[in-house]
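Please read the structure below before turning to the comments.
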Amino acid sequence: MKTRIHPRTYGVVFALALLWGGLLAAAIRQPGYTDAYYYFNAGQRLVEGDGLTDPYVWTYINAPESLPGPSHAYWMPLESLVAAAAMAVGGATFGVAQAPSVICFGGLVVMAFWLGAAIGQTRRRAWIAALLVLFGGFFTPFWTTTDTFALYGCVGASALIAMGRGRETGSRRWYALSGAVAGLAHLTRADGVLLLGVAGGVVLWPGGRLSRQKVAGSLAALLGAYLLVMLPWFARNVSEIGAPLPTGGTQTIWLRGYNELMSYPPGASAAAFWDWGLANIARSRIEALSSNLGTFVAVETWVVLGPFVLLGLWRERRRPVALGVTLYAVALHFVMTFVFAYPGYRGGLFHSSSALLPFWAALGIIGLDEAVAWAALRRRWNKAQAQMVFGAAAVVLAAAISLGVFASRLEGWNDNGTFYEDVVAGLPPGAVLMVNDPAALYYHTGYAGVVVPDSDPDVVPEIAARYGVTHLVLDQNRTAPFDALYRGLESRPFLVPLGMLDGGQRVFAIELTERVP
C-alpha cells in the first residue's frame, strides 16, 4: 500500500523540478554537440517551412542521394517534433526549443517521487528518490538541451509504469496505454521498440491476472495502440525512402569500430565482421561490457548506489512493476553490449537508461535503507537516524556530481561557435563543406556540409561530386585516414591547401574536373 501524498505535493515537486530545469536550460546557450544540434536543426527547419529535411550528412548510413535530403533516416523524429511544436508557438530559437525537455525533466522527477512513495512507502523515500533524479549526476548537463534524454526518460518510464499497472490489475487499458507510450518511445529512439517487446513479455509472463483469452486481447490492445502511434511515421518513411523504417541502422551491429559510422561507402557488413576474427569480436564485446558496467555504476546509479539498487530490486521483485523494469534493464544492457556494441557503449545505453532512472532512485534508497538497518542492528546505531544520514549523504553526493559534470560541459558547449564561424569567414556564400560536425556547422553558419569520412581520402572526389562539396576542413578531431593530410605529410591533386586557421583547422579547396550539376 503506497503512502498517501496530497496532490499539492506533486505540484510542489513538479514546480521545483521546473525551476531547477529552467536554471540548467538558461545556462546552456546552444545545443553543444552533434545529437543536440541535429534535433534542433531539424525542428527549426520544419517550423521555417523546409519540412523534415537535412541540409547535411552526418553519417553515410542511409545517406540521401543529394542535399537536402529526408531527415531522421538514422535517428528518430520525436525530439525534433516536440521542439518544433514549441518553436511554432514561441519562436524558432534554441531557448524555446529547450522547453519540452524541461517539462519532460519535471515529469521524470515527479515519477521518481511517485515511485518512492508507491514502492518505498514513506515520504522520506519519495523525496530522496525525487532529489536523486533532480540531481541526475552525469545526466544533468543533458536533461535540458535538445537531445532525447529527458523525453525518452519520461515516455520510457511511463511505459514501464503502465505495463506494471497492467500486470497488477489485468486491465487491457493499461496495456493499451503502455503500447501507445512504447510507440512514443520508439518515435524518440530506435531502441525504444524494446519497450514494446518488454510489454509483450509482461503480458505473457506466468503468474499474471490474465486468462488465455484476456492475454490475446491484451496483446492486441498493446500492438494496436503502438501501431496507432507509429503508423503516421511509417507512412512518411514509405513516401520518402520506400520503407516503413530505414534498414541501414542495423548495419551498426557489424561495426568493427565506432568511426565506421562515417565510412564511405558504408562498409559494415556481416561478412567483414566475421572476417575480423573471433578474438577481435570477443575483445570488442568485452570492451563494451566493461564500459557499460561503468555506465551502470557511475551514470545510472550515482557512483555508490548500484549494489543498493540491485538489493532494492530483489527485495521488491514481487511487485508488478518490477517485472517490466527487470526485463527492460536486462534487455537494454544486453543489446547495447553484445548486439549494438559500439553505438551502445558510445552513448546508446546512456541515452536509453534515462527511462530507468526514477526506478533506480526509488529502489536505491530502499536498498540503502535495508543495508543501513542491517548495519544498525550489528553496530547499535539508531536505525532511523542512520537511514536519514545515509539518505541525505546520497543526495549530497548526487548534487556534487551533477554540479561538477555540468560545469565541466558548459564551457565547451557554449563556446564552440567561433570555431565554425572562423572556418567560413573566407569562403564564398553557398560553399558546401566536408567537416567533422556538419550539424554544428549548419547551426552556427547556415552552411551545408557532409562529415569527413573514415575512409581513404581518395573517396573525396566521389562524395564531392555527389553532394556538391567545395571545401574540406580538417581539425584535431579528424578521422585517422586524414591524419597525414592534416599534418602536411601527404597531398592530393584535387585538394588545394588554403592554410591553417588559428583554431587548428586546415582548409582545402576541392577541385574536380567535372561536377554533378
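The values are calculated or read from the model by the stated rules, or taken from the named source; none is laboratory data. No experiment lies behind these values; they were computed from the predicted model shown. Glycine also receives a Cβ, built like all others from the backbone with ideal geometry; neighbour counts cover every protein chain displayed. We work out accessible area using only protein heavy atoms, side chains counted, and drop any ligands, DNA or RNA first. Shrake-Rupley method; radii C 1.70, N 1.55, O 1.52, S 1.80 Å.
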| field | Within the stretch 27-123, GluC sites (Glu not before Pro) in DSSP loop having at most 16 other beta-carbon neighbours inside 10 Å | value | Glu48, Glu65
| task | Highest first, please rank the peptides 343-356, 488-501 by the mean number of other Cβ atoms sitting within 10 Å of their residues. | result | 343-356, 488-501
| Considering only protein heavy atoms, what per residue accessible area in square angstrom results for the stretch 1-68 with a 1.4 angstrom probe? | 46 Å²
| field | For the stretch 11-128: rounded, prolate or oblate by the Cα gyration tensor [a/c cutoff 1.5] | value | prolate
| field | Calculated from backbone phi, Karplus (6.51, -1.76, 1.60) coupling profile of the stretch 243-248 in Hz, x at Gly/Pro | value | 8, x, 9, x, 9, x
| remark: the chain: antiparallel bridges as % of DSSP beta bridges, rounded to 5, reads 60 percent
| Sorted by average packing, counted as other Cβ atoms within 10 angstrom per residue and highest first, what order do 156-163, 205-212, 112-119 take? | 156-163, 112-119, 205-212
| field | Helix 123-134 vs. the chain, principal-axis angle (Cα, 0 to 90°, nearest 10) | value | 0 degrees
| message | Considering only protein heavy atoms and a probe of 1.4 Å, how much of the accessible area of the chain is carbon and sulfur, as a whole percent? | response | 62 percent
| message | What three numbers, in Å, describe the spread of the alpha carbons of the stretch 372-498 along their principal axes, ordered from the longest? | response | 79, 28, 25
| Using the Karplus equation 6.51 cos²θ - 1.76 cosθ + 1.60 (θ = phi - 60°), what ³J(HN,Hα) coupling, rounded to whole Hz, does each residue of the stretch 395-404 give in order, writing x for Gly and Pro? | 5, 4, 4, 4, 5, 5, 4, 4, 5, x
| task | Scan around Gly69 for amide H atoms under 5 Å from its own, H built in the peptide plane at 1.01 Å from N, and keep only partners 5 or more places away or cross-chain. | result | Asp54, Tyr56
| request: Determine ³J(HN,Hα), in whole Hz, for all residues of the stretch 342-350 in sequence, where each value follows from phi through the Karplus function 6.51 cos²θ - 1.76 cosθ + 1.60 and θ = phi - 60°; x replaces Gly and Pro. | output: 6, x, x, 7, 8, x, x, 5, 4
| Which shape class, rounded, prolate or oblate, goes with the chain when its Cα gyration tensor gives a ≥ b ≥ c as root eigenvalues, a/c under 1.5 marks rounded, and past that a/b bigger than b/c marks prolate? | prolate
| task | Determine the distance separating the Cα centre of the stretch 1-62 from the Cα centre of the stretch 67-144; give it in Å without decimals. | result | 6 Å
| note | Heads up, the stretch 127-251 by the C-alpha gyration tensor (a ≥ b ≥ c square roots of eigenvalues; a/c under 1.5 rounded, else a/b over b/c prolate, else oblate) looks oblate
| task | With +1 on each Lys and Arg Cβ and -1 on each Asp and Glu Cβ, and nothing else charged, work out how big the dipole of the stretch 348-434 is about its Cα centre, in Debye to the nearest 20. | result | 800 debye
| note | To the nearest Å², the heavy-atom accessible area per residue of the stretch 91-172 with 1.4 Å probe amounts to 22 Å²
| Can you give the calculated 222 nm mean residue ellipticity of the chain, where each DSSP H run of n ≥ 4 adds -39,500 (n - 2.57) and the sum is split over every residue, rounded to the nearest 500 deg cm²/dmol? | -19000 deg cm²/dmol
| Within the chain: Cβ-based charge dipole about Cα centre, in debye rounded to nearest 20 (Lys, Arg +1; Asp, Glu -1) | 3540 debye
| query | Residues with amide H under 5 Å of Val450's amide H, sequence separation 5 or more or different chain, H placed in the peptide plane at 1.01 Å from N; which? | reply | Val57, Leu433, Met434, Val435
| task | Towards the positive end of the charge dipole of the chain, with charges on Cβ (+1 Lys, Arg; -1 Asp, Glu), say which of Val389, Val423, Leu194 has the farthest Cα. | result | Val389
